[in-house]
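The block underneath contains the structure these notes are about, expressed in structure tokens.
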Amino acid sequence: MGADYRRCLEYFTYAGLVVAVTCYCVDLYRNGSSKEYLAWFSAGAFVLICFPISMKEIYCHLSNWHMPHVQCYVVRILWMVPIYAVESWLSLRFKDFSLYLRAFREKPYFRLRSV
């Protein structure tokens, strides 16, 4: 019963963060901030939201390692979420280096396809 309350609290916390980020971006837009800054801020906020969710899911799979032949692929796919999120966020900020960041992002994907 306690785990249900904790899970419900997590969902409401993340939903509240999404609403808060959206409201703050609207406020920044009304006060004249540039669109690039708004995109970079909102992307960073969602990176900070998705990172702990992904890490929690990876931890849950690793701590309940019952089907290794399937879960190894699930964990690899779950790692793609923070990698893509951070790469996209950094590409928004450092546009000149986005090609290099994309190459860094694709390295784990090629590894997954080759297995």
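The values are calculated or read from the model by the stated rules, or taken from the named source; none is laboratory data. From a predicted model like this one, the values you see are computed outputs, not experimental measurements. A quick note on method: Cβ atoms are made from the backbone with ideal geometry, for glycine too, and the neighbour counts reach across all protein chains shown. Note: accessible area is taken over every heavy atom of the protein model, side chains too, but ligands, DNA and RNA are not part of it. Shrake-Rupley method; radii C 1.70, N 1.55, O 1.52, S 1.80 Å.
Show H66, H61 ordered by accessible area, largest first, where the area counts protein heavy atoms only and the probe is 1.4 Å.
Reading off the accessible areas and sorting them downward yields H66, H61.
Highest first, please rank the peptides 10-16, 29-35, 87-93 by the mean number of other Cβ atoms sitting within 10 Å of their residues.
87-93, 10-16, 29-35
Counting only protein heavy atoms and a 1.4 Å probe, tell me what percentage of the range 43-108's accessible area is made up of carbon and sulfur. Intermediate values should be presented prior to the final figure.
On the way: 3320 of 4590 Å².
Carbon and sulfur: 72 percent of the exposed surface of the range 43-108.
With contacts defined as alpha carbon pairs under 8 Å and 6 or more residues apart, what's the relative contact order of the chain in percent?
22 percent
Magnitude of the Cβ-charge dipole of the chain, K/R +1 and D/E -1, about the Cα centre, nearest 20 debye? It would help to have the intermediate numbers written out before the result.
Working: 13 positive and 8 negative charges, 63 e Å.
For the chain, the charge dipole is close to 300 debye.
Rounded, prolate or oblate for the range 1-55? Axes are the square roots of the Cα gyration tensor eigenvalues, ordered a ≥ b ≥ c, and the cut-off for rounded is a/c under 1.5.
oblate
Based on DSSP H assignment, which helices of the chain show an axial Cα extent of at least 27 Å together with a mean Kyte-Doolittle hydropathy greater than or equal to 1.0?
Passing helices, by number: none.
Give me the extension gain from F51 to F97: residue separation times 0.36 nm, minus the current Cα-Cα distance, reported in nm with one decimal.
Full extension of this stretch gives 14.3 nm more.
For Cα extents along the principal axes in Å, which listed value, [x] 53, 44, 12; [y] 37, 37, 21; [z] 129, 40, 20, comes from the coordinates shown?
The value matching this structure is [x].
Taking all protein chains together and a probe of 1.4 Å, list I77, I83, I49 from the most accessible to the least accessible.
I77, I83, I49
Enter the accessible area per residue of the chain (Å², integer; probe 1.4 Å; all protein chains in place).
Values: 8780 Å² over 115 residues.
Using a 1.4 Å probe on heavy atoms only, each residue of the chain averages 76 Å².
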